């Protein structure tokens, strides 16, 4: 579905920031509230966004938050999802779960070498290495970003381009966490704090420097 620039920006903001009020969206994107509302209404007519009432609001008028629908999330591609799921099913049938696990581990080992090279090029500073990892993941379609925390960093993946594959075989998720932990093994602790397949709207990893 081809969209104009402003609607695309609204979808991207909802994808990366989660449900938002029209006023917040307008402020973030430099639009008027009326303009943002018109675009959102048009997107809702196309089935890409919907609204829900903010239940935590305790005073004043209820706040309505705009959010992506399932169709809206599908505007962000899941790379080659159908063929990937089919290949997983074939591998599982032909070689069993152990064989499938070995294939994923072998792929992870190859990817780790590529990531280690990218992080080494960023230098030895942990901040630079975390940002290098986010840049690498973004190039692969994960829409990754880094947020500074009082005791470390949060690596956020706003999109999963292999979501269908991960749903079919959660060893991909396990391998991803293992990979990140290996990359920072001597520098930081890495733990997954949000998981898309557990109902969160994204995957997120807390990276805490070792004392």
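What the table shows:
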{"quantity": "Identity of the residue in region 177-190, in contact with a helix residue (DSSP H, G or I) (Cβ under 9 Å, 6 or more places away or on another chain), within 18 Å of residue 108 (Cα to Cα) and without any contact (Cβ under 8 Å) to a residue 60 or more places away in the chain, that ends up surrounded by the fewest Cβ atoms within 10 Å (Cβ to Cβ)", "calculated": "184"}
{"quantity": "Qualifying residue in region 136-146 (condition: surrounded by fewer than 17 Cβ atoms within 10 Å (Cβ to Cβ) and over 13 Å from the mean Cα position of the chain (by Cα))", "calculated": "no"}
{"quantity": "Output for region 119-160, where each listed residue is without any contact (Cβ under 8 Å) to a residue 40 or more places away in the chain, touching a helix residue (DSSP H, G or I) at 6+ places or on another chain (Cβ under 8 Å) and farther than 22 Å from residue 9 by Cβ", "calculated": "121, 122, 123, 128, 131, 132, 136"}
{"quantity": "Within region 139-211, strands (runs of 3 or more DSSP E) holding 3 or more residues that are within 18 Å of residue 74 (Cβ to Cβ)", "calculated": "none"}
{"quantity": "Qualifying residue in region 114-136 (condition: assigned to a strand (DSSP E or B), outside the structural domain of residue 17 (by TED's automatic domain parsing) and touching a strand residue (DSSP E or B) at 6+ places or on another chain (Cβ under 6 Å))", "calculated": "no"}
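The values are calculated or read from the model by the stated rules, or taken from the named source; none is laboratory data. None of these values were measured; they are calculated from a predicted model. Here the Cβ is made from the backbone with ideal geometry for all residues, glycine too, and neighbour counts use every protein chain on show.
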